[in-house]
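First comes the structure, then the notes that go with it.
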Amino acid sequence: QVQLVESGGALVQPGGSLRLSCTASGIFVSNYDMGWYRQGPGKQRELVARIPRQTNTNYADSVKGRFTISRDNGKNTVYLQMTSLKPEDTAVYYCNAYQWGTNYWGQGTQVTVSS
């Protein structure tokens, strides 16, 4: 059974930083295109960052230069380092694993940016 478990979400002030983690079981993250998505209040789910198996990482324009996605194959975990957080980054953040038309999702972790 495949599970993606996100953690690290919190309430943070504008300008602050957070690191989200996504630990997988049942799959190896090294074999999948991994990504972070988010869904803000009243908004559709959107791609934040992807780290494919073999190509370069890519980011939504709104987070370029502030967020960094990385993968630790030994820990079977994907991270999203977020800096210079803004209120508009408030959302539930979801981890995604994709391979050959199959998608797996985590349950999400809440990030709230507010003073």
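The values are calculated or read from the model by the stated rules, or taken from the named source; none is laboratory data. What you see is a predicted model; the values in this text were computed from it and never measured. Here the Cβ is made from the backbone with ideal geometry for all residues, glycine too, and neighbour counts use every protein chain on show. Accessible surface is based on the protein model in full, side chains and every heavy atom, while ligands, DNA and RNA are left aside. Shrake-Rupley method; radii C 1.70, N 1.55, O 1.52, S 1.80 Å.
Within the set of pairs 6+ apart or on separate chains, which have a first residue in the stretch 37-50 that is in contact (Cβ under 8 Å) with a residue 12 or more places away in the chain, a second that is open to solvent by 50 Å² or more (accessible area, probe 1.4 Å) and not in a strand (DSSP E or B), and C-beta atoms under 8 Å apart?
As it stands, the answer is Tyr37/Arg45; Arg38/Arg45; Gln39/Arg45; Gly40/Glu88; Ala49/Thr57; Arg50/Thr57, since those pairs meet every condition given.
Give the residues of the stretch 70-95 that are outside any loop (DSSP other than H, G, I, E, B), open to solvent by 10 Å² or more (accessible area, probe 1.4 Å) and closer than 19 Å to Val29 by Cα, sorted by residue number.
Matches in the stretch 70-95: Ser70, Arg71, Asp72, Tyr79, Gln81, Tyr94.
When the residues of the stretch 4-60 are narrowed to those that are in a strand (DSSP E or B) and among the small types (Gly, Ala, Ser), which ends up farthest from Asp89 (Cα to Cα)?
The residue in question is Ser25.
Among the candidates Ser30, Ser7, Ser21, which residue alone is over 12 Å from Gly108 (Cα atoms) and in contact (Cβ under 8 Å) with a residue 12 or more places away in the chain?
Answer to the selection: Ser30.
If Gln54 meets every condition in (1) within 17 Å of Leu4 (Cβ to Cβ); (2) open to solvent by 80 Å² or more (accessible area, probe 1.4 Å) apart from one, which number is that one?
Tallying (1) within 17 Å of Leu4 (Cβ to Cβ); (2) open to solvent by 80 Å² or more (accessible area, probe 1.4 Å), Gln54 fails exactly one: (1).
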